[in-house]
Amino acid sequence: MNHNKQQSSDGGHDDDAALSDFLASLMDYTPTIPDELVEHFLAKTGFQSPDLRLTRLVAVATQKFIAEVASDALQQCKARQATVVRDKRDKLQKDKRLVLTMEDLSKALHEHGVNVKHQEYFADSPSIGMDPASRDE
Amino acid sequence: MKAKFPSKPKTHLHLHQEEPQNPSEFSFAIARIAVSQICQPMGYKATQLSALNALTVVATKYLEAIAKSASSLANTSNRTQSNLLDLTLALHHLVTLHTSSLFSISSSGGGIIRDLADFVSFNDGIPFAKPIPGPQITSIPSWASSSSSHVPKWLPRFPGSVISCSVNERKCGERLWEDLVLGGGGTVWS
């Protein structure tokens, strides 16, 4: 415990310097989520701050989260493509075609604590999908 | 339904959807463009529309969750404006599921801020594709006249003059009771 305290007091200076450098670098970095959109959502939830760096920080945090989810979904997509056995004809087409699907997205989001369920299909009558023998004519 | 990502950052998304009708749809449309711009450099060539919409909803809710917990943390400390510490604690509350929470929490906020700093230094910024039109502020009529001197000049005028014009003419010749008594004179109403 004492050792940790000493470390933190010595490293406190470096941490502060690193933090102020990071906040300064935020002004150079342009987050993909535009500032106006972030400010709209912040105002909607009651977050008040005159400092632009904090809005940029929120934008960067959201961007990082979305990037992580998207990369996890990409891993799922690639893993699924690797396990599917294909002919040589299909291989070139399917390797290039990385599509973001609800299936991969729901698996990726599940690891981050968000549960997303998607309708597999929409049926317009109760007898669709049943055996033709048991269906009422 | 699939949508193709634009090959260059400034071309349109080929979506056959209607124009946004209200402010929430407008902000959702902008957020969807931003999310698709984040996903595109990963290597995706196309996306299902429902997947993109779901990811956009998650992004907006994440943003709102950060802001809500940061503002409530500021309010519990008798402040109306949030500062960096509130934001850091709010991020800690949200990110407890990630592996980065295993880092030690030092005085400067520890693992979360360091993660973000690494993310910023590692990635180039992707600016938003299109400029967003600012809000159009129409002129608001104010109490400029001195007749109502008890009302401060900076307040907007009562909307009464606008409403009475549209309400005066109703079906079956009905009229507002106030108009009859104050302005109607001797008209008999039944």
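The values are calculated or read from the model by the stated rules, or taken from the named source; none is laboratory data. All values derive from a computational prediction rather than experimental measurement. Counting neighbours? That spans all protein chains shown, and the Cβs are built from the backbone with ideal geometry, glycine included. For accessibility, only protein heavy atoms count, side chains too; no ligands or nucleic acids. Shrake-Rupley method; radii C 1.70, N 1.55, O 1.52, S 1.80 Å.
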Handout entry: For segment B:14-79, radius of gyration divided by Kirkwood radius, i.e. Rg to Rh on alpha-carbons
Key = 1.12
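Given 0.36 nm per residue, what is the gain on full extension from B:Glu64 to B:Phe119 after removing their alpha carbon distance, in nm? Provide the component values of the computation, followed by the final result.
Working: separation 55, 0.36 × 55 = 19.80 nm, distance 2.10 nm.
Computed gain between B:Glu64 and B:Phe119 is 17.7 nm.
Taking both sides together, what accessible area is buried at the A/B interface, probe 1.4 Å, expressed in Å² and rounded to the nearest 100? Before the final figure, lay out each step's value.
Details: alone 11540 and 15430 Å², together 21750 Å².
Buried: approximately 5200 Å² between B and A.
Say R0 is 45 Å: what FRET efficiency, to the nearest 0.05, do B:His93 and B:Arg157 get from their beta-carbon distance? Present the calculation step by step, with values, prior to reporting the outcome.
Working: r = 46 Å, r/R0 = 1.02.
Once rounded, the FRET efficiency stands at 0.45.
So, R0 is 25 Å and r is the distance between the beta-carbons of A:Thr83 and B:Leu49; what FRET efficiency does that work out to, to 0.05?
Details: r = 26 Å, r/R0 = 1.04.
That gives a FRET efficiency of 0.45.
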Handout entry: Inter-chain Cβ neighbour average for residues A:101-114, partner chain, 10 Å
Key = 4
Practice task
Run the quick spin-label model on A:Asp131 and B:Leu176: label points 7 Å from Cα toward the beta carbon, then report their separation in nm to one decimal.
Solution key: 7.2
Fill in the blank from the handout: Once both label points are put 7 Å beyond Cα along the C-beta direction, the A:Ala24-B:Gln21 separation in nm becomes 5.1
